[in-house]
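Working notes, structure below.
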Amino acid sequence: MSGRSVTLYSRPGCCLCDDARAVIERVRTRVAFELHERDIERDARLLARYLERIPVVAIDGREAFELSLDERAFERALQEPSAHAD
């Protein structure tokens, strides 16, 4: 399935973010998607929203995972039909 977009909200020095990034990269070898990384420290609104929750992974603009990223669940979520955000 193509056309999917994944956003990783993270910050430098975050070990959980590094773990999530590794999962994303492994899944990316099997499932095509566009990856965007957002450093929450570069935007005050993102910092306030995500500081205690990172990493947060959004699929097609919808938050799907936070704090940890299960590889199988992430891959399944990417393979589900895309639902448009309201």
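No lab work stands behind these numbers, since they all come straight from the coordinates. Because the structure is a prediction, the values reported are computed rather than measured. Counting neighbours? That spans all protein chains shown, and the Cβs are built from the backbone with ideal geometry, glycine included.
Along region 40-57 the Karplus relation, 6.51 cos²θ - 1.76 cosθ + 1.60 evaluated at θ = phi - 60°, assigns HN-Hα couplings of 5, 6, 8, 9, 4, 5, 5, 4, 5, 6, 10, 3, 8, 10, 5, x, 10, 10 Hz to successive residues, with x for each Gly and Pro.
Only sites in a loop by DSSP and with at most 16 other Cβ atoms within 10 Å count here; which trypsin sites (Lys or Arg not before Pro) in the chain make the cut? List each step's numbers first, then the result.
On the way: sites: R4, R21, R26, R28, R30, R38, R42, R45, R49, R53, R62, R72, R76; in loops: R4, R30, R53.
Here the sparse-neighbourhood loop sites are R30, R53.
Could you give the length gained by full extension between R26 and C14, i.e. 0.36 nm per residue of separation minus their alpha carbon distance, to one decimal place? That pair, R26 and C14, stretches by 2.4 nm at full extension.
The long axis of helix 15-28 is offset from the longest Cα principal axis of the chain by roughly 20 degrees. Residues whose amide H falls under 5 Å from that of S5, counting only those 5 or more places apart or on a different chain, are E34, D60, with hydrogens built in the peptide plane.
Within the chain, antiparallel bridges make up roughly 55 percent of the DSSP beta bridges whose residues both belong there. For P(r) over Cα pairs in 10 Å bins from 0, in percent, the value calculated from this model appears in (i) 16, 32, 28, 15, 7, 2; (ii) 16, 34, 17, 13, 11, 7, 1; (iii) 18, 54, 26, 3 under label (iii).
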